[in-house]
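Enquirer: One structure, pasted below without further comment.
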Amino acid sequence: QVHLVESGGGLVQAGGSLRLSCAASGSIFGINAMGWYRQAAGKQRELVARIISGDNTNYADSVKGRFTISRDNAKNTVYLQMNSLKPDDTAVYYCNVDYSDAVYRRALDAWGQGTLVTVSS
């Protein structure tokens, strides 16, 4: 089983920055992709950014140019640097990891518990 620990959420004024982190631990053979999703009140969960390798990333149009996703393979950790934050970025942000488990090498995915980001105007 895989355990994801997220950190870095909080309250920030519009135009400010935050950095989210998500560390994966447990029965992991390898990690394919890591990503961040978000869910605002009354809305569906949506992809924010996803990374397979250093230059293989994709972003939601709404965050392109403002958010940067990166990963540290040695630490099984994914980061989301969020700059120029807007009130519309307010949501619970969830980490997602696509991995293969160490015992059966099955393709699985795991979700973090979520971290709240609130951007005030």
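Enquirer: How high is the FRET efficiency between Ser17 and Tyr104 when r is their beta carbon distance and R₀ equals 41 Å, given to the nearest 0.05?
Expert: After rounding, the FRET efficiency stands at 0.50.
Enquirer: Under a 5 Å amide H to amide H cut-off, with H placed in plane at 1.01 Å, what residues pair with Val48 once short-range neighbours are removed?
Expert: Trp36, Tyr37, Arg38
Enquirer: Additional query: Where does the chain land on Rg/Rh, using Cα atoms and the Kirkwood Rh?
Expert: Result: Rg/Rh = 0.98.
Enquirer: Express the carbon and sulfur contribution to the solvent-accessible surface of the chain as a percent, rounded to the nearest whole number, probe 1.4 angstrom.
Expert: 47
Enquirer: What is the calculated FRET efficiency for His3 to Gln44, with r their C-beta to C-beta distance and R₀ = 22 Å, to the nearest 0.05?
Expert: About 0.30, to the nearest 0.05.
Enquirer: For Ser100, what is the net charge nearby, where nearby means another residue's Cβ is under 15 Å from its Cβ and Lys, Arg count +1, Asp, Glu -1?
Expert: Residues close to Ser100 contribute a combined charge of -1.
Enquirer: Keeping every protein chain present and rolling a 1.4 Å probe, give me the accessible area per residue for the chain in Å².
Expert: Result: 54 Å² of accessible area for each residue.
Enquirer: Turning to a different aspect of this structure: Note down the magnitude of the dipole of the chain about its Cα centre, charges +1 on Lys and Arg C-beta and -1 on Asp and Glu C-beta and zero elsewhere, to the nearest 20 debye.
Expert: 40
Enquirer: Find out how many positive minus negative residues lie around Asp89, taking Lys and Arg as positive, Asp and Glu as negative, among other residues whose Cβ is under 15 Å from that of Asp89.
Expert: +4
Enquirer: How much net charge surrounds Val78 when only the other residues with a Cβ under 9 Å from the Cβ of Val78 are counted, with Lys and Arg +1 and Asp and Glu -1?
Expert: Summing Lys and Arg as +1 and Asp and Glu as -1 gives 0.
Enquirer: With each pseudo-label sitting 7 Å past Cα toward Cβ, what's the Asp72-Ile52 distance in nm, one decimal?
Expert: Each label point lies 7 Å from its Cα, and together they span 2.5 nm.
The values are calculated or read from the model by the stated rules, or taken from the named source; none is laboratory data. Everything numeric here is computed off the predicted structure, so don't read it as measured data. Here Cβ is always computed from backbone atoms with ideal geometry, including for glycine, and neighbour counts include all displayed protein chains. With ligands, DNA and RNA removed, areas are computed over all heavy atoms of the protein, side chains included. Shrake-Rupley method; radii C 1.70, N 1.55, O 1.52, S 1.80 Å.
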